[in-house]
Amino acid sequence: MSKVLERFLNYVSYHTTSEDDQETVPSTDRQWILAKALEQELKTLGATNVRMSEHCYVYATIPATTTKKVPALGFVAHMDTAPALTAENAKPRVVKNYDGGDIVLNEALGIVMSPKQFPKLKNNEGEDLVVTDGTTLLGGDDKAGIAEIMTMAEYLLTHPEIEHGTIQIGFTPDEEVGRGVDFFDVEGFGADFAYTVDGSTLGEIEYENFNAAGAKLRIQGTSIHPGYAKGKMKNAVSLGMEFHQMLPVSENPAYTEGYEGFYHLDKIEGTVDSATLYYIIRDHDKVKFEEKKKLFSRVCEFLNEKYGKDTFSVELKDNYYNMKEKVEPHMHLVDRAKEAMEALEITPAIVPIRGGTDGARLSFMGLPCPNLCTGGENYHGRYEYVSVNAMEKVVELLIKIIELYAK
């Protein structure tokens, strides 16, 4: 078994799902368990300055092996998994030499992953794939990135003859709930530039991401016996449906791609008396992003005029912004990644992130930080999988980037 696969299978055995709307970082105590394991592993590998912060951030250093003036590079991945679906008791399985057809994830439940639904599977024909049993997330986002960084670290620490500058490693909690760098110590991290290893398809390099906001829409209804409700009842759940129907139908994630933004209703809870709708609002273009937020608020105001003051109230909060403006002055980060991929016969593809990474906020905190692929697909769902071959290639990619900076 390859070392990166062995590590990955170990890491996904840790249940590290984060949770929204928590006051603390990390948002769940279970993230500490993996953090402590990673801290110990880094010490065992021989990394220096290994430490864990009071907010569950794990940091370490691989000392430089050259006296040349070389930028200190950072590599960052996150420990939590998305709350969209549980990752507890994940049961990973390796599909050897994938034949290009349907993969039965769970025969008893009739859960099948098919290239008809997920065409990218065809690109992985002949490779070894790690899949789930269809009842949980796999955890490749971002435990694949952690496994790749760790395996890179082990290689460098056992091959001191390789010339490289100082390498900094950082593992973060709570990325999936937008708080991954709330307490990240950029100055103490000590990197001049960094990469998050938190992407998807092998070959992808990302330095543009969504501008992102979260919206919590509260609706105050009036509950009354339905037999005597005429002219009196205000059904908060129905009003929530009316609000949602007033948003542009085409600006829904199910109908958008590339640089197209969206409104996404992520969760709804409530009764006739009161309801809360949770949205995420996204757009790469800052002007369009601001327009989306204004429209959201205008719909709220319009419905308050229709149904009465304070029937609808909204909390809007920006989460992160497009890192493009912070990375473009340092395009050597993208150019080095492309050069490294070409040297390894990986076809580079510069694509916009239809989401965000810790790197987006780190870039605005003074640490320019584009995102690199991990070799996984279908993140945040039961059909998530990771290519073992791609993970091994990503390890080579990280090492090659490091070597190129030392030349």
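The values are calculated or read from the model by the stated rules, or taken from the named source; none is laboratory data. Just so we're clear, the structure is a prediction, and the values are computed from it rather than from any experiment. Heads up, the Cβs are rebuilt from the backbone with ideal geometry, glycines too, and the neighbour counts pull from every protein chain shown. When the accessible area is computed, the model is the full protein with side chains, heavy atoms only, and any ligands, DNA or RNA have been set aside. Shrake-Rupley method; radii C 1.70, N 1.55, O 1.52, S 1.80 Å.
Overview of results
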quantity: Within straight-line cross-link reach of Lys294, lysines at Cα separation under 24 Å, skipping those fewer than 8 residues along the same chain; calculated: Lys216, Lys267, Lys286, Lys306, Lys309, Lys317, Lys324
quantity: Area accessible to solvent at Ser250, 1.4 Å probe radius, in Å²; calculated: 80
quantity: Approximate spin-label separation Lys96-Thr48, in nm, with each point projected 7 Å along Cα-to-Cβ; calculated: 4.3
quantity: Dipole of the chain, positive end: most advanced residue of Ala82, Pro92, Gly261 [Cβ charges, Cα centre]; calculated: Gly261
quantity: Å² per residue, accessible surface of the range 257-407 at 1.4 Å; calculated: 46
quantity: Low-density loop cleavage sites - trypsin sites (Lys or Arg not before Pro) in the range 229-325, where at most 11 other Cβ are within 10 Å (DSSP); calculated: Lys230, Lys232, Lys309
quantity: Zone residues, the range 67-81, relative to His380, backbone N less than 20 Å from point 7 Å out along Cα-to-Cβ; calculated: 77-81
quantity: Extension gain from Met246 to Thr67, taking 0.36 nm per residue of separation minus the Cα-Cα distance; calculated: 58.3 nm
quantity: Equivalent ellipsoid semi-axes - Cα gyration tensor, the range 211-320, angstrom; calculated: 29, 13, 11
quantity: Mean Cα-pair separation over length for the chain, i.e. relative contact order, pairs under 8 Å, 6 or more apart, %; calculated: 23
quantity: Accessible heavy-atom area order of Tyr255, Tyr11, highest first, probe of 1.4 Å; calculated: Tyr255, Tyr11
quantity: Amide H within-cut-off set for Ala349, under 5 Å, with H built and near neighbours excluded; calculated: Glu204, Ile205
quantity: Estimated dipole of the range 259-407 in Debye, rounded to 20 [Cβ of Lys and Arg +1, of Asp and Glu -1, Cα centre]; calculated: 260
quantity: Accessible heavy-atom area order of Val177, Val197, highest first, probe of 1.4 Å; calculated: Val177, Val197
quantity: Counted charge near Tyr321, where neighbours are those whose Cβ lies closer than 12 Å (Asp, Glu -1; Lys, Arg +1); calculated: -1
quantity: Separation in nanometres of the label points that stand 7 Å from Cα toward Cβ, at Glu301 and Ala254; calculated: 3.1
quantity: Shape metrics for the chain, restricted to C-alpha atoms - Rg then Dmax, Å; calculated: 22.8, 83
quantity: Gain upon complete extension [Glu342, Asp285; 0.36 nm per residue less C-alpha separation]; calculated: 17.5 nm
quantity: Vicinal HN-Hα couplings computed from phi for the range 89-102 (Karplus, 6.51 cos²θ - 1.76 cosθ + 1.60; Hz; Gly/Pro x); calculated: 6, 4, 10, x, 9, 9, 8, 6, 6, 3, 8, x, x, 5
quantity: Helix-only [θ]222 nm of the chain, DSSP H runs n ≥ 4, -39500 (n - 2.57) each, per residue, nearest 500; calculated: -9000 deg cm²/dmol
quantity: Rough spin-label spacing in nm, given labels placed 7 Å along Cα→Cβ, for Leu316 and Met1; calculated: 4.9
quantity: Beta bridge orientation in the chain: antiparallel %, DSSP, nearest 5; calculated: 75
